[in-house]
Structures are given as structure tokens and as C-alpha cells.
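Undergrad: To start, I am sharing the structure in question, which I have written as C-alpha cells.
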Amino acid sequence: MSADGLLMSGQTLGIIYSVISRNTTILAHHASCHGNFSEVACQVLENIPRGGSSRLTYASGDYMYHYISDDGIIYMCITDDDFERSKAFHFLESIRRKFRQSYGSSARTALPYAMNSEFSSELAREMQFYTRTSLNLLNSQGSIQLDSIAIRDLELSGSGNLEQLELLESDRESLRSRESYLDLLGQHVQSSRCYSCCRHNATGIIIFLVILTLILVIAVGVVLGICMDTNNGC
């Protein structure tokens, strides 16, 4: 984003916040930078219909609020509006599956933030993974059908207005720097692997040539020995 809060072309902050809640009771959450996420998230959670199962994306300003509501538990994440929705729902499906495997029905009666100490680190890992991983790779493991997941402008119940989501400018720059560093690191790792592969191939070729040369020398020696024995016999 630029200094005035608008997203610059080609830049994305990815998944910047995620939360798992029972209605408006937060059970676990994680933010990749500082901001007023909890306040804004609570307002959005109050707007999500209770009961049943649903999937939706709310749009508000420069940000999008994606959620899956399943059996009374809400899995939600916040991204900038340039982030691919399919990746956001891949992320939500992953944390939904892992959360249910870890806690099952206990989430229905858990106290606020009861799972945060354990599951917050899992959210952090998943947020980074799904921000960095290409959509093609994610879709190779199963695609998300966005046609059935609507986008709606966020209109709060009652007469209230959504609190403006604010990220500290220093954190925005930190996120951009981290993304740039990870890109460079990935390129470096790829180059290192390529160099290592070429080096191993070259070593293999040299060893093969040395062995082949030894075989030829031995073969020539044997042939010469046979010829000398034959001449002596004559």
C-alpha cells in the first residue's frame, strides 16, 4: 500500500489476520502485523448469520473479509483486496480441517481464547504458507469453486459503521520487505539447487570418463599383450 493506504499495483499484503470464533467469542487468532484487527473482526463477526453453514466474502474499503461458518464455528481471515480469493478459501478450509481435528466438539463450550496459546502458531504458519504458495499448486490438490461464494459489500446490522481497519505504516513496510526478502530467498535457493545439480552432474560425467579411460587402457593393454604373444609364437 502507499502512504495514503491505497494498494499499489503488483503489491499484496496477503493474509494479514485470521480468527476462529464461536459466534463472536474468539477462540484463537493471529495477526501478521499490528493493527486494530480484534475490534474490526468483532464487528464483522456480529454481522455473520448464526447457525447453518455458509461461505462469503465481505468487501469494505481496501480489505476483504472471507469466512466459512460451519456448525456454529466461524473461520475468518482478512486480506487486502488484491489477494486471490481462491487462496483465502484454501487457507480457511485448511485451518477448519486442522481445528476440527484438534478440538472437535470442545470448541462449542470453550472459553474465550481457550485455544489461542496452542493454535495461534498454527494460524501463523498457515497464513504464511497460503500467502506465499502459488494458486496453481494449491489447485493441483483440489480447486475452490468461487462461483458459489458470493462477494457482498459489508453492511453492519443496525445503524453502526464499520471501524476503519488501520495498519501501522511501519508494519506495511515490514510486510513488503518480508515479501521481497522471501522472493529473493526463493530465487537464491532455486539458483543454489541448480548450481548443486550441475556440479553433481559434472562430477558424475568426470568420474564416468575416468572409468571409461581406465577400461580402454586396460583393454588396449590386453590386446597388445595378445598380439605380442602371437608374434612370439610365430
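The values are calculated or read from the model by the stated rules, or taken from the named source; none is laboratory data. All values derive from a computational prediction rather than experimental measurement. Because the Cβ atoms are built from the backbone with ideal geometry, glycine has one as well, and the counts that use them run over all protein chains shown. Calculation scope for accessible area: heavy atoms of the full protein, side chains included, ligands and nucleic acids excluded. Shrake-Rupley method; radii C 1.70, N 1.55, O 1.52, S 1.80 Å.
Undergrad: Can you pull the one-decimal nm distance between simple spin-label points at SER86 and GLN128, each 7 Å off the Cα toward Cβ?
TA: 2.5 nm
Undergrad: Express in Å², to the nearest 10, the accessible area of THR24 obtained by rolling a 1.4 Å probe over the protein heavy atoms while all chains stay in place.
TA: Rounded to the nearest 10, the figure is 60 Å².
Undergrad: Another one. Leaving out ligands and nucleic acids, and using a 1.4 Å probe, what accessible area per residue does the stretch 100-146 come to in Å²? List each step's numbers first, then the result.
TA: Values: 3010 Å² over 47 residues.
Result: 64 Å² per residue.
Undergrad: Rounded, prolate or oblate: which fits the stretch 20-92, taking a ≥ b ≥ c as square roots of the Cα gyration tensor eigenvalues, rounded meaning a/c under 1.5, else prolate when a/b beats b/c? Don't skip to the end; give the middle numbers.
TA: On the way: a/c = 1.61, a/b = 1.22, b/c = 1.32.
Oblate is the answer for the stretch 20-92, as a/c is 1.5 or above yet b/c matches or exceeds a/b.
Undergrad: Also: At 7 Å along Cα-to-Cβ for each site, give me the label-to-label distance between CYS42 and SER117 in nm.
TA: Here the modelled spin labels are 2.3 nm apart.
Undergrad: Extension gain VAL220-THR203, at 0.36 nm per residue separation less the Cα-Cα distance, in nm? Don't skip to the answer; put the middle values down first.
TA: Working: separation 17, 0.36 × 17 = 6.12 nm, distance 2.57 nm.
Length difference between fully extended and current span is 3.5 nm.
Undergrad: Would you mind calculating the gained length between HIS34 and GLU166 on full extension (0.36 nm times residue separation, minus the Cα-Cα distance), in nm to one decimal? Mind showing how you got there, number by number?
TA: Numbers: separation 132, 0.36 × 132 = 47.52 nm, distance 0.86 nm.
Gain in length upon complete extension: 46.7 nm.
Undergrad: By the scheme Lys and Arg +1, Asp and Glu -1, what is the net charge of all other residues having a beta-carbon under 9 Å from that of ALA28?
TA: Charge balance near ALA28 sits at -2.
Undergrad: Between the stretch 127-143 and the stretch 42-103, what's the alpha-carbon centroid distance in Å?
TA: Taking the Cα centre of each part, the stretch 127-143 and the stretch 42-103 sit 17 Å apart.
Undergrad: Under the rule a/c < 1.5 gives rounded, and otherwise a/b versus b/c splits prolate from oblate, where does the stretch 11-164 land using the Cα gyration tensor? All intermediate terms of the calculation are to be shown ahead of the outcome.
TA: Values: a/c = 1.32, a/b = 1.05, b/c = 1.25.
Rounded, since a/c falls under 1.5.
Undergrad: Please find the FRET efficiency linking ASN136 to ALA59, where r is the Cβ-Cβ separation and R0 is fixed at 30 Å, and quote it to the nearest 0.05.
TA: After rounding to 0.05, the efficiency reads 0.75.
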